Amino acid sequence: MNDPEKNRPGKVKILVTRQFPRVGTDILSGQGFSLTCWPEERPMTYEELSENIKGHQALLCTLTDRIDKLFIRSNPQLEIISQFAVGYDNIDIDAASAAGIPVGFTPDVMSEATADIAFGLMIATARKMFYLHKTILKGEWGYFKPRGNLGMELRGKILGIFGMGRIGMKMAQRCRAAYDMEVIYHNRSRNEEADTLLDAQWVEFPELLERSDVVSVHSVLSDETRGIFDLEAFCRMKPSAPFINTARGPIHNEPDLLAALKAEEIWGAGLDVTDPEPMDRNHPLLSMENVSVLPHIGSGTREARDNMSRLAAENIAAFYKTGTLPHIVNPGVLA
Ligand code: DGY
């Protein structure tokens, strides 16, 4: 960053790995940056990404791009990584920091959209909506059944939030407002805003599992959270409780989730994230009565995606203008 000539936007080449909303790429090209945009809808393979990054100082990427230690070490010309997502578990942050590369991300702007999907999946799962829709398509809507297709009510129930950050907070607000649900949560640290505004209560993980009528996952994927929802965890949950995950698939162990559902250890599951993604179209979870699966659309509103695109672009533009990023994962590298 010391050579102003070197860092003029016109000299900076940015590899854009996906077809992001144009808001962001328009900002960057409008400022004179030189953009190489991957033209296909599908993500690049690791090999394609490794080939295409050559000669680029900046990378505008997303969760489908694996940015690991080898990739980072092989690209000493890389000056900034800007992630189009709030989650960044696809990037080896330690390796980026060791190489002095700042990593930007796009927090906040997709919290409402993602909380809507968590809230929707909770209701859809409690009322078996996805499954019952499929029965209509199969011609099985015979007649009104007074004792059939029964779901569960949510009013006054206990919501257990795993990961009370921005999105967890929005989900809790929705559940409080719509169903007057009591909120308990497990987080690394207490969330004072949740405690004060929602009268929420921090609890240990086992207590969260045992007391919640609905468990909703909103944490980051890390070494600590990977696979934390395993068979043991599901067996601690109430048999009447749905499990909702809109964060990252590997936070739950999918074979264990399937086993828990088959053994009726939990009521059901609402997933916007699976492990792996995409989920196999013949996966047994897809035909289960109390399971609702969506193809990772949490942030999928026009507003959220436009704002994510804008923030990801602003991170790059600000870095080359001021040496800082408005939304940075590893601020220590700029110290
Ligand atoms: C994120 O931002 O991390 C979502 O999973 C994708 O938008």
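The values are calculated or read from the model by the stated rules, or taken from the named source; none is laboratory data. Keep in mind that what you see is a predicted model, and the values were worked out from it rather than measured. All Cβ positions, glycine included, derive from the backbone under ideal geometry; neighbour counts span all protein chains shown.
Take the conditions free of Cβ contacts under 8 Å to residues at least 40 places away in the same chain and either closer than 23 Å to M152 by Cβ or in the same structural domain as F130 (by TED's automatic domain parsing) (or both) and apply them to G249. Does it pass? Taking the combined requirement at face value, the residue satisfies it. Scan the stretch 95-150 for residues that are under 22 Å from R310 (Cα atoms) and part of a loop (DSSP other than H, G, I, E, B) and the total you get is 8. For the stretch 94-108, name all the residues that are more than 9 Å from the ligand (Cβ to nearest atom) and crowded, with 20+ Cβ neighbours inside 10 Å. A96, I101, P102, V103, G104 - these are the residues of the stretch 94-108 that are more than 9 Å from the ligand (Cβ to nearest atom) and crowded, with 20+ Cβ neighbours inside 10 Å. Condition check: assigned to a strand (DSSP E or B) and under 24 Å from T301 (Cα atoms). Does L15 satisfy that? For L15, the condition - assigned to a strand (DSSP E or B) and under 24 Å from T301 (Cα atoms) - is not met. The set of residues in the stretch 55-92 being within 16 Å of the ligand (Cβ to nearest atom), crowded, with 20+ Cβ neighbours inside 10 Å and more than 21 Å from A304 (Cα to Cα) consists of I67, I91. Is it the case that I167 is among the hydrophobic types (A, V, I, L, M, F, W, C), outside any loop (DSSP other than H, G, I, E, B) and either touching a strand residue (DSSP E or B) at 6+ places or on another chain (Cβ under 8 Å) or free of Cβ contacts under 8 Å to residues at least 24 places away in the same chain (or both)? The answer is no for I167.
Please count how many residues of the stretch 188-206 are part of a loop (DSSP other than H, G, I, E, B) and surrounded by 19 or more Cβ atoms within 10 Å (Cβ to Cβ). Result for the stretch 188-206: 2. Of the residues making up the stretch 207-254, those that are away from the ligand (no atom under 16 Å from the Cβ), aliphatic (A, V, I, L, M) and not in a strand (DSSP E or B) are L208, L209, I228, L231, A233, M237, A241. Taking the criterion of being surrounded by fewer than 20 Cβ atoms within 10 Å (Cβ to Cβ), away from the ligand (no atom under 11 Å from the Cβ), in a loop (DSSP other than H, G, I, E, B) and touching a residue at least 12 places away in the same chain (Cβ under 8 Å), the residues of the stretch 277-314 that qualify are P278, M279, M288, E289, L294, P295.
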